[in-house]
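Beneath this line is the structure, given in structure tokens, with notes to follow.
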Amino acid sequence: MTKAIHPRRALAEMLGRSLGADKALETVTLAAQQIGVGEHLNREQALRLLEHIAQQPGIVGIAARFAKSRVHLVWEPE
């Protein structure tokens with residue numbers, strides 16, 4: 001079975017509901033660079049990226065924690 005992958009922009013769209021599209025894309029892009037993940041992510045990478053973002057204070061961290069819950073519910077496990 002192949003691992004399901006999703007574009008990084010899918011995470012930005014999840015965060016965009018709370019942060020706005022531009023801020024969400026900027027946040028996801030920076031976090032991806034910081035932890036060394038590419039443009040397409042499997043579930044594990046997405047959760048790692050969101051956990052990294054969740055460490056930020058305020059609405060950014062809160063939005064990331066909610067997005068993690070959505071990834072757990074919607075994205076298929078490997």
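Find the residue count for the range 36-69, including only residues that are assigned to a helix (DSSP H, G or I), over 17 Å from residue 21 (Cβ atoms) and over 10 Å from the mean Cα position of the chain (by Cα).
Selection size over the range 36-69: 5.
Can you tell me which residue is nearest to residue 69 (Cα to Cα) among those in the range 36-56 that are surrounded by fewer than 16 Cβ atoms within 10 Å (Cβ to Cβ) and not charged (D, E, K, R)?
Looking at residues that are surrounded by fewer than 16 Cβ atoms within 10 Å (Cβ to Cβ) and not charged (D, E, K, R), I get 55.
Mind listing whichever residues of the range 18-35 are surrounded by 13 or more Cβ atoms within 10 Å (Cβ to Cβ), more than 13 Å from residue 45 (Cα to Cα) and not acidic (Asp, Glu)?
Within the range 18-35, 18, 19, 21, 23, 24, 25, 27, 29 qualify.
Quick one: is residue 59 surrounded by fewer than 20 Cβ atoms within 10 Å (Cβ to Cβ), of a type in the set (A, V, I, L, M) and in contact (Cβ under 8 Å) with a residue 40 or more places away in the chain?
It is true that residue 59 is surrounded by fewer than 20 Cβ atoms within 10 Å (Cβ to Cβ), of a type in the set (A, V, I, L, M) and in contact (Cβ under 8 Å) with a residue 40 or more places away in the chain.
We did not get these values from a lab; they are worked out from the coordinates using the rules stated. The model shown is predicted, which means the values in this text are computed figures rather than measured ones. Every residue, glycine as well, gets a Cβ built from its backbone with ideal geometry; the counts of neighbours run over all protein chains shown.
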